[in-house]
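Presented below is the structure to which this report refers.
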Amino acid sequence: MMVVGVLVLLFVGSCAYDDEQSALLQARIETHQAADVSKAHGYTYFEGTIHNAEYDRTQVTTESAAKAECDVDSTCLGVWQGFNSKEGWVVLRAGSRTWSKGVPNDTVLSVQVKTPPYVQGTIHNAEYSRAEVTTESAAKAECDADSTCLGVWQGLDGKEENWLVLRAGSRTWGKGVPNDSVLSVEVKQAIAKQHGPYQKTDLGAELCLGPSLSSTECEAAAVSFGIPWDRVDKWSNGPAGCFTNDRLVYFNTLQTGAASHPKWRLICQSDLEDEEKKDEIKDELLNIGECKKWCNSKKHKEKPWEGGKCNWSACKGCEECQ
């Protein structure tokens with residue numbers, strides 16, 4: 001399920017931050033909630049869990065000072081709050097213990113995981129301008145200063161030194177997509193945010209687990225997801241209600257529309273609670289599958305797994321989806 005505007009799928013892979021990301025992998029970091037962005041360097045701090053880490057008790061400081069130190073230290077994995085008091089923040093580096101809220105003891109009030117400002121991944125509904133070809137550092141500097149920038153890609157004309165900014169458009173971008181000349185796509189994490197109470201299914205899904213939309217709500221959802229709105233019409237070969245092919249959004253008034261098709265996503269209202277939505281958005285951004293307790297809650301218990309809850313990133317790790 002997707003509940004973000006411009007869909008961004010992230011994974012920890014090699015990019016300009018190879019050393020840091022290797023440290024993150026070795027430390028087995030899990031993130032759980034919304035992000036705090038360190039504006040000076042663009043790093044994102046997710047509330048979460050860090051395995052195999054330790055701190056130096058001589059370095060206790062404030063939150064802003066701890067994050068400033070972490071920003072400039074490639075060995076820093078994140079920061080934790082609660083040393084001696086709620087004002088005490090300490091940097092975490094490689095070690096032997098697991099750190100999370102309440103772990104390894106109740107004095108730990110918060111653990112925030114450091115991730116780099118650009119992560120190798122996939123961006124949907126984006127395009128570039130050939131006139132803007134530049135270097136990696138210049139492209140990222142431009143992207144940092146432009147709120148409409150979604151990320152950057154490498155490889156125009158097959159050249160490793162060519163980098164370009166990606167903004168809203170119509171194509172999907174990832175390594176080797178839309179063609180083999182794309183050597184790398186790095187997603188700007190600061191743009192990863194929710195835009196409204198709507199959700200999209202995976203391609204070919206049989207149902208959308210939420211209340212259906214009116215045609216007016218469908219048009220609003222198109223704006224929310226950053227996909228151009230087309231029209232309201234009647235199609236016998238399209239699904240009933242609100243749907244998209246990732247290029248345009250449509251509303252089919254024919255309630256006996258066609259069955260599911262691999263090129264369509266259904267769109268409906270999100271019926272997730274706020275905390276559930278945070279889990280889902282986080283898992284989508286990090287491209288991971290979990291099995292949150294709420295997947296089997298009273299509210300969601302009767303919903304189907306196959307074609308339903310298994311489309312939710314926060315639930316696709318459950319044994320029913322394996």
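List of remarks:
- Normalised by the number of residues in segment 198-321, the average gap of Cα pairs under 8 Å and 6 or more apart makes the relative contact order 28 percent.
- Packing-based exposure ordering (other Cβ within 10 Å, fewest first) of Asp274, Asp146, Asp246: Asp274, Asp146, Asp246
- Using R0 = 25 Å, the C-beta based FRET efficiency linking His51 and Thr107 works out to 0.85.
- Stretchable slack from Gln59 to Lys263, in nm (0.36 nm times residue separation minus alpha-carbon distance): 68.1 nm
- At full extension, Ala145 and Lys293 could sit 49.3 nm farther apart than now, given 0.36 nm per residue minus the alpha carbon distance.
- Cross-link pairs Lys278/Lys298; Lys101/Lys200; Lys114/Lys188 - those with Cα-Cα distance over 22 Å: Lys101/Lys200
- Arranged from fewest to most other beta-carbon atoms within 10 Å of their beta carbon, Asp56, Asp279 become Asp56, Asp279.
- Within the straight-line cut-off of under 19 Å between alpha carbons, the aspartates and glutamates reachable from Lys86 are Asp36, Glu47, Glu54, Asp56, Glu63, Glu69, Asp106, sequence neighbours fewer than 8 places apart in one chain being disregarded.
- Residues Tyr55, Tyr45, sorted so that the one with the fewest Cβ neighbours within 10 Å comes first: Tyr55, Tyr45
- For Leu92, the residues whose amide H sits under 5 Å from its own are Leu77, Gly78, Val79, Trp80, ignoring neighbours fewer than 5 places away on the same chain, with H placed 1.01 Å from N.
Readers should treat all values here as calculations from the given coordinates under stated rules, not as data from a laboratory. Bear in mind that the values here come from a model prediction, so they are computed numbers and not experimental data. In this analysis, Cβ positions are derived from the backbone assuming ideal geometry, glycine residues included, and neighbour counts consider all displayed protein chains.
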